[in-house]
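Data block below; observations after.
Here, each number is a calculation from the coordinates, and none is a lab measurement. From a predicted model like this one, the values you see are computed outputs, not experimental measurements.
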Amino acid sequence: MDVILITLGVLGFGAILISAYVFTVAARNYVSDDHLKQEPELNTAADGLIERNPQDRRSNQPVQFPLTAQGVLVTEDRRQLPDRRRAMAA
């Protein structure tokens, strides 16, 4: 009986150590600020990420079609509703 209790105690202590290790590794990976230290070459147009100027967005100036955006000719607006926020509220 003593052997069984000692075995269960050792296994329980091991489980506590393993769970503490898993918790610290997860906290280090998911709560750290490592994502702020990314290398600048990762944010390139080849990755699909394009840096935008805040003044480019929400300027409330009417857009005239056809237009060229980043070397691509856009012939017409793809949106059907004049204000897409209204579609979400309706």
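Here are the numbers:
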{"read-out": "Contour minus Cα-Cα distance for residue 77 and residue 11 (0.36 nm per residue)", "value": "17.3 nm"}
{"read-out": "The range 18-25 - phi-based ³J(HN,Hα) in whole Hz, Karplus 6.51/-1.76/1.60, Gly and Pro as x", "value": "5, 5, 5, 5, 4, 5, 5, 5"}
